[in-house]
Amino acid sequence: MNGLSIELPGMQLKNPIMPASGCFGFGREFSQLYDLNQLGAIMIKAVTTEPRFGNPTPRVAETDAGMLNAIGLQNPGLQKVMNEELPWLDQFDVPIIANVAGSMMEDYVNVAREVSTSPNVKALELNISCPNVKTGGIAFGTDPSIAKELTKKVKEVSSVPVYVKLSPNVANIVEMAKAVEDGGADGLTMINTLIGMRMDLKTAKPILANKTGGLSGPAIKPVAIRMIYEVSQHVNVPIIGMGGIQSAEDVIEFFYAGASAVAVGTANFVDPFACPGIIEELPGLLQDIGVDHISELTGRSWGKVDQKTYHRA
Amino acid sequence: MIRKEKMTVVSQKMIAENIYEMILHGELVSEMDNPGQFVHVKAEEGIDPLLRRPISISSIDKKNNAFTMIYRTEGKGTKRLAQKNEGDSVDVLGPLGNGFPILPHHKGKRALLVGGGIGVPPLYELSKRLVENKMEVVHVLGFQTESSSFYMEEFASLGHAYAATVDGSLGTKGFVTSIIDDMDGEFDVLYACGPIPMLRALEQRFSDIEAYLSLEQRMGCGIGACFACVCPVQGDESGTEYRKVCSDGPVFPVGEVVL
């Protein structure tokens, strides 16, 4: 036993590491580089009812310790995902978390109902927080009552547990988390990207064709950790944490903050072998910390500071 | 197969204004196949700069397990790359994408190679391979100014090499199209790499011959997973058909994608 296997609603995972949605396509490209069976789970790219082309290019811009993207939920549409991508992924013994997106509530309900029937889809991730689409997306993720209602409706039709992906672009993240928990969410995934912009020095215009994009990468890690720390102490559902994770050490930080599993996003672009690398490093790190199992680390930071162990320099 | 390797810098030199030629050594070279493919380079460990940089492969030396890349220093990443010295290592992911096709039935035919700025480097390996394929090659290379021009002699050793510069300091004043308009004779195949306006102009002029265009686009992953570098397919009424520059390209037959 390597101390990494964990159980989440709907899933038994070999380890708590999974690629984040939108950063891994449907796994085909990465499968040419390593055996996907190593992964704890795979969060596939957002699925909408109809195929979507997404936003015009340029769609990415680098930032200090991060990147902006405005892909715009490009995907081949529900039918193609059901007929081609999910059956292809079935060759791997890895639970799939299907990211569900839409413009209207009915879209989410339709996609959720159908995609959850695929045998390898073990959970849904409601994408109510994408900052790069004009309708839907973030609108659902910033109003607690709408988010709750959407969660409820999707829960009614889904055959698998429903995780809701929270946006950091809100004033009160705990309020949002509680609202979707009230709506019946089985888990939370957090955080999605932060809305940002960059300007082109030569043209004086935004670099991204969409003007704004979602900031990801190490630059947002402290924000993610803070939000997971706050939310995890106020909800009774597990959190899959994400936001700038690059290393096994980062994973530990997210667990201390209150995460029960983590997703790796932008790091896959920097190093396509980031996920297997982290999985390989984790057992040694757990040994250094002195725990048998990674789940022992969830929420370790919540307790009060032990004054006896605090020595002023 | 795509590999990731810490490759060793064999040599690095500035060959024109802000243009560097770097030779790297490593096993990854054995995977390099077609001219026109590229590598994704991480100039330095750490998170600043975070992302890799796509850089075209300008020549392949399988015998010595080495390849050459020619790049322009623009941002943080390429400037750091330019500080590397002989013996240093560079994290390289590659080879990526599909290159220019070299087709046996082109043997004895006449090829026009058109490059603009930092689109010139991948044409060098292509030109060598076309010459090996017993083809006649003519190069038309566009630069901003003479000081930013490079490899004119190398190209000239393979076939006619014409230069166009915006300020007229080298070759013909103007763009590559100014030269092409005055050229004699017919071409059987066109290969081009450079800025989109140049490729558009070539697409209009050479709609009747076999042509392959290499595109540049901002990339995230470089392997086809992030959908950052997509371009729409020409004539697709549904508006949903696309090609990824990194993994379906960067070379496309003329008329395949919207420029």
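The values are calculated or read from the model by the stated rules, or taken from the named source; none is laboratory data. All of these numbers come straight from a predicted model, not from anything done at the bench. Glycine also receives a Cβ, built like all others from the backbone with ideal geometry; neighbour counts cover every protein chain displayed. Quick note on the areas: whole protein, heavy atoms, side chains included, nothing else; ligands and nucleic acids left out. Shrake-Rupley method; radii C 1.70, N 1.55, O 1.52, S 1.80 Å.
Here is how the numbers come out for the structure above:
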{"quantity": "Accessible carbon and sulfur surface of region B:104-214 relative to its total accessible area, %, 1.4 Å", "calculated": "50 percent"}
{"quantity": "A:Lys211 versus A:Ser159: modelled label distance in nm, points set 7 Å from Cα along the beta carbon direction", "calculated": "4.3 nm"}
{"quantity": "Cα gyration tensor category, rounded, prolate or oblate, for chain A with a/c compared to 1.5", "calculated": "rounded"}
{"quantity": "Highest-fluctuation residue, A:Ala259, A:Ala101, A:Ala209 considered, GNM on chain A with Cα pairs under 10 Å", "calculated": "A:Ala209"}
{"quantity": "Simple spin-label estimate for A:Asp64 and B:Lys62 in nanometres, 7 Å along Cα-Cβ", "calculated": "4.7 nm"}
{"quantity": "Accessible area expressed per residue, region B:104-214, with surrounding protein chains retained (probe 1.4 Å, Å²)", "calculated": "44 Å²"}
{"quantity": "Whole-Å distance, taken between Cα centres, linking region B:27-91 and region B:188-259", "calculated": "23 Å"}
{"quantity": "Region B:166-259 shape via C-alpha gyration tensor axes, a/c threshold 1.5", "calculated": "prolate"}
{"quantity": "Surrounding net charge for A:Lys152, when Lys and Arg each add one and Asp and Glu each subtract one, Cβ distance under 15 Å", "calculated": "-2"}
{"quantity": "Computed helical MRE - 222 nm, chain A, DSSP H runs ≥ 4 contributing -39500 (n - 2.57), nearest 500", "calculated": "-8000 deg cm²/dmol"}
{"quantity": "Those Cys residues of chain B for which no other cysteine Cβ falls under 4.7 Å", "calculated": "B:Cys193, B:Cys229, B:Cys231, B:Cys246"}
{"quantity": "Mean ellipticity per residue at 222 nm, deg cm²/dmol - from DSSP H runs of n ≥ 4 across chain B, formula -39500 (n - 2.57)", "calculated": "-4000 deg cm²/dmol"}
{"quantity": "Projected label distance in nm at B:Gln144 and A:Ser145, using a 7 Å step from Cα toward the beta-carbon", "calculated": "5.7 nm"}
{"quantity": "Residue with peak Gaussian network fluctuation, chain A [Cα springs, cutoff 10 Å], from A:Asp90, A:Asp271, A:Asp250", "calculated": "A:Asp271"}
{"quantity": "Threshold 40 Å², region B:213-259 residues less accessible with all protein chains present than alone (1.4 Å probe)", "calculated": "B:Arg218, B:Ile223, B:Ala225, B:Cys226, B:Phe227, B:Ala228, B:Val230, B:Thr240"}
{"quantity": "Straight-distance crosslink candidates among aspartates and glutamates, where the alpha carbon sits under 14 Å from B:Lys109 and sequence neighbours closer than 8 are dropped", "calculated": "B:Glu132, B:Glu136, B:Glu186, B:Asp188, B:Glu210"}
{"quantity": "FRET efficiency estimate (nearest 0.05) - Cβ-Cβ, B:Ser157 to B:Lys79, R0 35 angstrom", "calculated": "0.65"}
{"quantity": "The protein assembly as shown shape via C-alpha gyration tensor axes, a/c threshold 1.5", "calculated": "prolate"}
{"quantity": "Buried accessible area, chains A and B (both chains, 1.4 Å probe, Å² to nearest 100)", "calculated": "2700 Å²"}
{"quantity": "Pairs beyond 18 Å (Cα-Cα), from A:Lys205/B:Lys173; A:Lys45/A:Lys153; A:Lys14/B:Lys4; A:Lys80/A:Lys155; A:Lys122/A:Lys155; B:Lys13/B:Lys84", "calculated": "A:Lys205/B:Lys173; A:Lys45/A:Lys153; A:Lys14/B:Lys4; A:Lys80/A:Lys155"}
{"quantity": "Candidate lysines for bridging to B:Lys107, where Cα separation is under 27 Å - those fewer than 8 sequence places away on the same chain excluded", "calculated": "B:Lys62, B:Lys63, B:Lys128, B:Lys134"}
{"quantity": "Net charge over other residues, Cβ less than 12 angstrom from the Cβ of B:His160 (K, R count +1; D, E count -1)", "calculated": "-1"}
